[in-house]
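Below is one structure, written out as structure tokens, with a few remarks after it.
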């Protein structure tokens, strides 16, 4: 048994719900905007946007997939020739839901779902320019970070080299000072031996 959709089920059963959502989507594509309850609008929105995505593809298989939901061929033709190409520059978000006041009689919360305006070429150009600027700034930050890391590595290498040089100089000084210390130690011993020999 398939997992039921979250929230209240529309209509008297699953088949009734599918037909109801298909009719709502057909009316939306035909008129551009419809007024219905909030529950129906929220349930119909993903279906309508999925059908618009099929229309953007524009191939025969996509048209047949849409015809399984929308049975009005005139609406399908309009969807593939006008609505789909209109959103060629937009990736999703083809519809907008606006909440309205409650309906008279049963006080049901109402909403208006409509197709949004297509993105103009100027907006698309601005978005592309902003993306290019962001990419350039990111590249500049990466180059600056790489240069700082290289400079830090060079400083560390110089510090290590200086430390190695100091250690080598200290070792050389110790080696030179060792014979002098031995000679200084042997001289008093020789004097003591000479003094003892004179006393004898």
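We did not get these values from a lab; they are worked out from the coordinates using the rules stated. Please read these numbers as outputs of a predicted model, since none were measured by experiment. Reconstructed Cβ throughout: ideal geometry from the backbone, glycine too, with neighbour counts over all protein chains shown.
Quick notes on this structure:
- Approximating the spin labels as points 7 Å out from Cα along Cα→Cβ, the residue 89-to-residue 50 distance works out to 2.9 nm.
- In a fully extended conformation the segment linking residue 117 and residue 134 would gain 3.5 nm over its present Cα-Cα distance, using 0.36 nm per residue.
- The modelled label-to-label distance for the pair residue 65/residue 145, using points 7 Å beyond Cα in the direction of Cβ, is 3.9 nm.
- When you work out D = kT/(6 pi eta Rh) for segment 37-91 at 25 °C and 0.890 mPa s, using the Kirkwood radius from C-alpha pairs as Rh and the Stokes-Einstein form, the result is 213 µm²/s.
- When each of the peptides 53-60, 89-96, 130-137 is scored by how many other beta carbons lie within 10 Å of its residues on average, the order from highest to lowest is 53-60, 89-96, 130-137.
- Of every Cα-Cα pair in segment 14-119, the percent that sits beyond 17 Å: 51 percent
- Efficiency of FRET from Cβ geometry, residue 127 and residue 17, R₀ 45 Å, rounded to 0.05: 0.75
- Segment 67-121: radius of gyration and largest Cα-Cα distance (Dmax), Å: 15.3, 45
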